[in-house]
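The structure under discussion appears below in the form of structure tokens.
The values are calculated or read from the model by the stated rules, or taken from the named source; none is laboratory data. Everything numeric here is computed off the predicted structure, so don't read it as measured data. Cβ: placed from backbone, ideal geometry, glycine included. Neighbour counts: every protein chain shown.
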Amino acid sequence: MRLMERIANNDPEALETLFMAHRQRVYMDAYVRLKDRSAAWSVTTDIYSWIWKEKPDISPFSSVKSLLQEEVKKRTIVK
Amino acid sequence: MNTDQITYWIIDELHGDITPEDAALLQKALEDHPEAVTLRNDLRKLLTEGEMQGVIGKEISLKRAITEISKGIEQESEKNKPVRRNFNTLLILLLVACTAFYWYLRYQRNLLRQQTVNWAVPVYKKPVIILKDSTIIELDTIGIHGNDGISVNKQHTSFEISGPIRNIDEGTIITPPGKDFTFQLPDKTLIRLNGQTYYKTSFSHTAPREAFANGEVYVMAAPDANRPFTINLPDGKIQVLGTTFNINTYQPDHIQVALVDGSVIVKNDKRSVMLQPNSSANWKQRAAIQTASFNKKEVLSWLKGEYAFSSITFQELVPIIRRSHGLEIVLDATAATDTLRFSGVSIRGKSIEVFFQENIYPQALPKYSFIYETDSIFISSYHAPKENK
């Protein structure tokens with residue numbers, strides 16, 4: 001079963017795996033856009049909380065990485 | 001130029017986890033677009049200086065961070081309804097928060113390393129050769145019958161380069177952490193590269209033999225009176241006179257060339273020395289070279305996959321475990337509390353948990369807790385393991 005499907009089935013290990021795989025990229029990407037450490041950190045944790053709560057559909061994206069990149073972009077524009 | 005895409009590649013590169021394919025694409029973008037070079041310089045500066053630099057020096061208390069995050073989660077949980085769901089969410093978020101801080105600390109350490117070791121070798125997950133034209137050859141995909149000028153043994157640990165590869169006469173060999181590989185170069189020189197080592201060399205049969213090494217390399221140089229052999233280091237150079245020696249540049253404050261057989265001249269800006277067998281040249285970056293005898297068993301133990309150490313701190317254990325097992329250690333303790341001293345041998349291929357049980361736990365427990373992840377170990381002096389899982 002794919003990672004996002006496992007998250008959709010409330011598998012906490014899948015969320016952990018997702019976090020482990022992409023946390024640094026997400027944080028650095030957010031920092032590059034916001035140039036503020038705490039704001040970047042907040043965006044990073046928000047995104048993972050959002051994934052756990054909302055179980056987003058990955059199908060519009062080519063990969064989880066793209067989904068995360070898009071989410072960082074979206075959230076940093078709003079900020 | 002797709003700025004977003006190039007930014008992602010640069011972030012991957014800084015993160016030390018860029019795939020060979022993306023590295024090649026980034027390289028091409030840098031060659032094709034001068035503004036990409038500016039972007040990369042700006043991003044490197046942004047992520048290693050200014051506000052980020054201020055953060056690097058700070059001690060981060062994991063305990064305090066978790067307490068603060070837990071408070072926030074508890075307040076959030078009170079607003080929500082079903083108790084069971086709140087409890088599960090709390091656990092999940094706490095897990096994410098702990099892991100987040102763990103990786104945050106690791107990230108800070110990586111940045112610190114990038115700053116203090118400005119010659120840090122890029123991290124690849126597999127051995128690669130990057131040719132002068134930016135083509136990347138993943139060495140685990142080479143067939144044993146050889147092609148493109150390279151052949152390999154069945155175990156994919158020993159490679160023979162017979163001449164220019166795909167008609168390109170220069171390239172850089174990079175090894176992944178935790179594994180070592182042997183290469184026979186076209187002049188019959190044998191080099192054995194330890195994990196996370198960088199060796200740039202010519203593959204030509206006629207060009208001058210000039211290489212650049214960074215990491216740890218055991219060299220058995222083939223004599224060739226007509227082609228002098230020079231190995232440049234991040235600080236200094238070695239003039240090889242037909243010989244066998246070990247180079248170690250992992251730590252800028254302890255660069256070492258240890259001569260086993262033959263003769264070499266080692267020089268940097270401050271001093272030049274000629275080594276005799278069983279002696280070594282030792283120096284700190286930008287400082288004068290000192291000579292001394294060396295313990296062959298200890299210095300060359302990595303050739304047998306063994307990493308002996310004696311009376312070292314947790315901080316000093318970090319590079320040893322990186323070399324022996326390819327694992328990162330994230331230490332959540334201040335320099336003032338990192339006072340325990342450990343001795344032993346880390347053996348490549350042996351379970352890391354067994355290694356810790358035998359060599360570290362007797363002194364470190366219960367003061368420290370240990371969390372084992374797939375590619376790293378988190379050592380904390382602040383809380384017991386059960387609080388994390």
Requested in this report: Among the residues of the stretch A:3-18, write down those that are free of Cβ contacts under 8 Å to residues at least 24 places away in the same chain and more than 7 Å from chain B (Cβ to nearest Cβ).
Outcome: A:GLU5, A:ARG6, A:ASN9, A:ASN10, A:ASP11, A:GLU13, A:ALA14, A:THR17
Query raised in the report: Scanning the stretch A:24-43 for residues that are of a type in the set (S, T, N, Q) and more than 7 Å from every other protein chain (Cβ to nearest Cβ), which turns out nearest to the chain's Cα centre (by Cα)?
Result: A:SER42
Query raised in the report: Of all the residues that make up the stretch A:44-75, how many are within 12 Å of chain B (Cβ to nearest Cβ), within 24 Å of B:THR3 (Cα to Cα) and not basic (Lys, Arg)?
Result: 8
Query - Unique residue being more than 22 Å from B:PRO127 (Cβ to Cβ), modelled with pLDDT under 95 and in contact with a helix residue (DSSP H, G or I) (Cβ under 9 Å, 6 or more places away or on another chain) when the list is B:PRO228, B:PRO208, B:PRO252, B:PRO223 - result: B:PRO252
Query raised in the report: Any chance the stretch B:269-281 includes a residue that's modelled with pLDDT of 90 or more, closer than 16 Å to B:THR197 by Cα and assigned to a strand (DSSP E or B)?
Result: no
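Please state which one of B:THR7, B:THR38 is more than 24 Å from the chain's Cα centre (by Cα) and at pLDDT 70 or above.
Details: B:THR7 fails: more than 24 Å from the chain's Cα centre (by Cα).
Being more than 24 Å from the chain's Cα centre (by Cα) and at pLDDT 70 or above holds for just one of B:THR7, B:THR38, which is B:THR38.
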Query raised in the report: When only residues in the stretch B:136-170 that are at pLDDT below 80 and surrounded by 13 or more Cβ atoms within 10 Å (Cβ to Cβ) count, which is farthest from B:PRO208 (Cα to Cα)?
Result: B:GLY146
Report task. For B:ASP12, state whether it is without any contact (Cβ under 8 Å) to a residue 24 or more places away in the chain, touching a Ser or Thr at 6+ places or on another chain (Cβ under 8 Å) and within 14 Å of chain A (Cβ to nearest Cβ). Result -> yes
Report task. Output the qualifying pairs, or none if there are none: Cβ atoms under 7 angstrom, residues six or more apart or on different chains, first residue in the stretch A:52-70 and under 21 Å from A:ASN10 (Cα atoms), second residue at pLDDT below 75. Result -> A:TRP52/B:ILE92; A:VAL64/A:LEU3; A:LEU67/A:PHE61
Query raised in the report: Limited to the stretch B:271-294, what total is found for residues that are in contact with a helix residue (DSSP H, G or I) (Cβ under 9 Å, 6 or more places away or on another chain) and surrounded by fewer than 19 Cβ atoms within 10 Å (Cβ to Cβ)?
Result: 1
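Return the total of residues in the stretch B:335-360 being assigned to a strand (DSSP E or B) and either farther than 14 Å from B:HIS325 by Cβ or out of contact with any strand residue (DSSP E or B) (no Cβ under 7 Å at 6 or more places or on another chain) (or both). Show your work before the answer.
In the first step, residues of the stretch B:335-360 are kept if they are assigned to a strand (DSSP E or B); the result is B:342-347.
Now restrict to residues that are either farther than 14 Å from B:HIS325 by Cβ or out of contact with any strand residue (DSSP E or B) (no Cβ under 7 Å at 6 or more places or on another chain) (or both): B:342-343.
Residues flagged as assigned to a strand (DSSP E or B) and either farther than 14 Å from B:HIS325 by Cβ or out of contact with any strand residue (DSSP E or B) (no Cβ under 7 Å at 6 or more places or on another chain) (or both) within the stretch B:335-360 amount to 2.
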Query raised in the report: What residue, of B:VAL257, B:VAL266, is of a type in the set (A, V, I, L, M), in contact with a Gly (Cβ under 8 Å, 6 or more places away or on another chain) and crowded, with 16+ Cβ neighbours inside 10 Å?
Result: B:VAL266
Report summary line: For B:ASN226, the lone unmet condition from (1) under 21 Å from B:VAL299 (Cβ atoms); (2) free of Cβ contacts under 8 Å to residues at least 40 places away in the same chain is (1)
Query raised in the report: Any residue at all in the stretch B:249-260 that is touching a strand residue (DSSP E or B) at 6+ places or on another chain (Cβ under 7 Å), free of Cβ contacts under 8 Å to residues at least 40 places away in the same chain and under 20 Å from B:GLN184 (Cα atoms)?
Result: yes
Report task. Of the numbered conditions (1) more than 14 Å from chain A (Cβ to nearest Cβ); (2) modelled with pLDDT under 90, B:ARG341 fails exactly one; give the number of that condition. Result -> (2)
Query raised in the report: Taking the stretch B:308-334 on its own, how many of its residues are more than 22 Å from B:ILE371 (Cα to Cα) and either hydroxyl-bearing (Ser, Thr, Tyr) or in a helix (DSSP H, G or I) (or both)?
Result: 2
Requested in this report: From (1) under 18 Å from A:ILE77 (Cβ atoms); (2) more than 9 Å from every other protein chain (Cβ to nearest Cβ); (3) not charged (D, E, K, R), pick out the condition that doesn't hold for A:ALA21.
Outcome: (1)
Requested in this report: Any residue in the stretch B:20-49 that's within 14 Å of another protein chain (Cβ to nearest Cβ) and closer than 19 Å to A:ASP29 by Cα: show its pairings with residues that are hydroxyl-bearing (Ser, Thr, Tyr) and assigned to a helix (DSSP H, G or I) at Cβ separation under 9 Å, as long as the two are six or more apart or on different chains.
Outcome: B:ASP22/B:TYR8; B:LEU39/B:THR3; B:LEU39/B:THR7; B:LEU43/B:THR7; B:LEU46/A:TYR31; B:LEU47/A:TYR31
